[in-house]
Structure formats: structure tokens, C-alpha cells
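Chemist: Sharing a structure below in C-alpha cells format, with a few things to ask.
Computed from the coordinates by the stated procedures, all read-outs in this text should not be read as laboratory data. Nothing here was measured: the structure is a model prediction, and the numbers come from that model. Because the Cβ atoms are built from the backbone with ideal geometry, glycine has one as well, and the counts that use them run over all protein chains shown.
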Amino acid sequence: MPDLIPLLSQILNGLLAGSYYLMIALGLSMIFSLGGIVNLAHGAFYAIGAYLAVTLADRIGFGGALIVSPLIVALIGMVVERFLLRRFYNADPILGLLLTFGLAMVTEQTLRILYGAAPVPFSIPPELRGQVFLGDFVYSRYRLITLGITAVAVLGLWILLTKTAFGKVVRAGVQNPDMVGALGISLKPYMTAVVMIGVGLAALAGVLIAPIAGVHPAMGQEIITFAFVVVVIGGLGSFWGVVAAAAIVGMTRGVAAHFYPAATEASVYLLMVLVLLTRPRGLFGERIQKFE
């Protein structure tokens, strides 16, 4: 058993990384599925959430920042959707790609101007520090709490999408937007809400990771690639596919970090290649009429 403890610790660390990828990937998947836009700026919202947490924590505490930061980012997302993204829903997808790429670059440089290029220190709140002991196994209390918050956020999103009228319209809009329009339902307000939820989740991930990985302007660009990998592996349009992919990616990272640390990141891309070779639509990819 003692020989397995380091491996278990690495697997949990991998699942922790997977939880951040998951919160970003779910927003990416929803925005693309409903609006047809590949949001390369999604990582920028993640970074904004982290920086807002640094700014707000001294005033309202970490708990307050954990709530307020994603809400502020969601409002920023609403403005971006209303005045920028909405213009490109029916346009060539490459235009939306270029727009969001430019937005990501502008955001990163703005953060450099406001906060500087150097990483900003942000420590774990004193009340959340410490270790959890399970026999011989010891693990960070904050990391376990982060995994719990992610689970609650994902469950809440699943309930919203499957058990409410809002979720039914969103799912119908993904599968058959023309039919939804024929019923007299405008998808514009739903798209705004989806963007707000998606970027809010990304900001929540940014707040949670800030005390662990630090805060710096390029953090959004570093994580967005892995989030796209999770979406590709899970399959477009599949909620639980993305969840399963994030868990698989996390465990793959953990096992690779234990046995061959130099291949930790490469293992994720290898996993994606293997999935695409055997199932190009992803593990649980669904048919989406407007993209076929």
C-alpha cells in the first residue's frame, strides 16, 4: 500500500487539473454547439477571473471573491456576446475564430498593462490550508475542496440543462435551431445566457487555481489548449462526454506524471490522437444537424 500512495496522489492531482479543464471545456462546448463559434478567448475569461480574485480577496475575502469574480466575468461575457459574438453566429466560422483570437490577445496584453508581466502571488486562504489524513495517505485540504466545488458546479449545470425549461430550449437549439425558430422562440437571449454561464465557469476555475498555480497574464493561453483537447475527446454536444474526457485526461496526466514526468503533457495529446483514430466524433459525440 505505501508504494501506491505516491501514484494515488498524482492521480488526484491529475483529476484536479482535469476539473479545471472540465469547467472551461463545458463552456467551450456549449458556446460552439449553440452558436457555432470556437471561442479562443475562453481562456482569457479564466485569467480575468483569477486576477479579479486577487483584487477582490483583500476586500471581501476569498469566499466572497469566489462568488463575485465569476459573476463579474459573466457580466463581461454578456457584453462581449451582445456587441461582438452575436454578429458572427451566421458568418463564416473563421471570422469568429479570428475575432476571439484577437480578443484573447487584447485581454492578455491588457492584463500585462494593469498588473505587470510578472506572476502575481496569491496564497491559499489560512482557513483552507492544511492536510487531510486517510491512514497513510495525506492530501491537501484545499485541493479536495476544489474537487468538491467542481463537482457541485457540474451537477448544478447538468440540472439546469436537463431539468428546466431553459435547458430544454438550449438542447433543442443545439439539435434543431430551425424548428425552435419555427415555434417562435428566439435563441438570442438563450445564447447570451449560455455565454454568461460558460465564461462564469471559466472564471470560477481561474479563482480556484489561482492559489495553486499562481496568476500571470498568459495563464489563459496555457490552459485553453487542454480544454479543447477535452472537448475533442469527449465529443461535441455531449455533456457527460466532456465530463468523462476530463476525468480520463486527468488520470492520464496523473499516471504519466508518476511513471514518466517528462511525458505528462505529451500523454494528453497522444490520448487525443488515439481517440480520434478510433472514434473521430469523440467518445460520446452527437450528431448536430447544423454542422453536418
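Chemist: I need the P(r) histogram for segment 172-213: all alpha carbon pairs, bin width 10 Å from 0 out to the longest distance, whole percents.
Modeler: 26, 33, 20, 15, 6
Chemist: Pull out a ≥ b ≥ c, the square roots of the eigenvalues of the alpha-carbon gyration tensor of segment 1-98, then state rounded if a/c is under 1.5, prolate if not and a/b is larger than b/c, and oblate in the remaining case.
Modeler: oblate
Chemist: Report the extension gain between residue 112 and residue 265 in nm, rounded to one decimal, defined as 0.36 nm multiplied by the number of residues separating them, less their alpha carbon distance.
Modeler: Difference between extended and current length: 52.5 nm.
Chemist: To continue, here is another question. Taking 37 °C and 0.692 mPa s as the conditions, I'd like the Stokes-Einstein D for segment 79-194 in µm²/s, using the Kirkwood hydrodynamic radius from alpha carbon pairs. Provide the component values of the computation, followed by the final result.
Modeler: Numbers: Rh = 18.7 Å.
D = 175 µm²/s.
Chemist: Which Rg and Dmax, in Å, describe the Cα atoms of the chain?
Modeler: 19.1, 62
Chemist: While we're looking at this one, here's another question. Among the trypsin sites (Lys or Arg not before Pro) in segment 191-292, which ones are in a DSSP loop with at most 12 other Cβ atoms within 10 Å of the Cβ? Mind listing them?
Modeler: In loop regions of segment 191-292 (DSSP not H, G, I, E or B), the sparsely surrounded trypsin sites (Lys or Arg not before Pro) are 287.
Chemist: When the helix-only estimate is applied to the chain (DSSP H runs of n ≥ 4, each -39,500 (n - 2.57), divided by the residue count), what is the mean residue ellipticity at 222 nm, nearest 500 deg cm²/dmol?
Modeler: -25500 deg cm²/dmol
Chemist: Which one of 43, 116, 77 has the biggest mean-square fluctuation once the chain is modelled by GNM with Cα springs under 10 Å?
Modeler: 116
Chemist: Further, regarding this structure: Under the Karplus relation 6.51 cos²θ - 1.76 cosθ + 1.60, θ = phi - 60°, what is the ordered set of whole-Hz ³J(HN,Hα) values for segment 158-167, x standing for Gly and Pro?
Modeler: Coupling constants for segment 158-167: 4, 4, 4, 7, 10, 10, 10, 5, 4, x Hz.
Chemist: Then there's this: Let's see if you can work this out: charge +1 on each Lys and Arg Cβ, -1 on each Asp and Glu Cβ, no other charges. What is the dipole magnitude of segment 4-291 about its Cα centre, in debye to the nearest 20?
Modeler: 540 debye
Chemist: Which length gain, in nm to one decimal place, applies between residue 182 and residue 165 when the Cα-Cα distance is subtracted from 0.36 nm times their residue separation?
Modeler: Taking residue 182 through residue 165 to full extension adds about 4.4 nm, to one decimal.
Chemist: Which is farthest toward the positive dipole end of the chain among 77, 277, 190, measuring Cα position about the Cα centre, with Cβ charges +1 (Lys, Arg) and -1 (Asp, Glu)?
Modeler: The one lying farthest along the dipole's positive direction is 190.
Chemist: Toward the positive end of the charge dipole of the chain, about the Cα centre and with charges on Cβ (Lys, Arg +1; Asp, Glu -1), which of 128, 234, 256 goes farthest?
Modeler: Positive-end residue among those listed: 234.
Chemist: For segment 116-253, just say rounded, prolate or oblate: build the C-alpha gyration tensor, square-root its eigenvalues into a ≥ b ≥ c, call rounded for a/c under 1.5, and beyond that prolate if a/b exceeds b/c, oblate if not.
Modeler: prolate
Chemist: Assign one of three labels to segment 114-182, namely rounded, prolate or oblate, based on the Cα gyration tensor with a ≥ b ≥ c the square roots of its eigenvalues; rounded applies when a/c is under 1.5, prolate when it is not and a/b is larger than b/c, and oblate otherwise.
Modeler: Oblate, because a/c is 1.5 or more while a/b does not exceed b/c.
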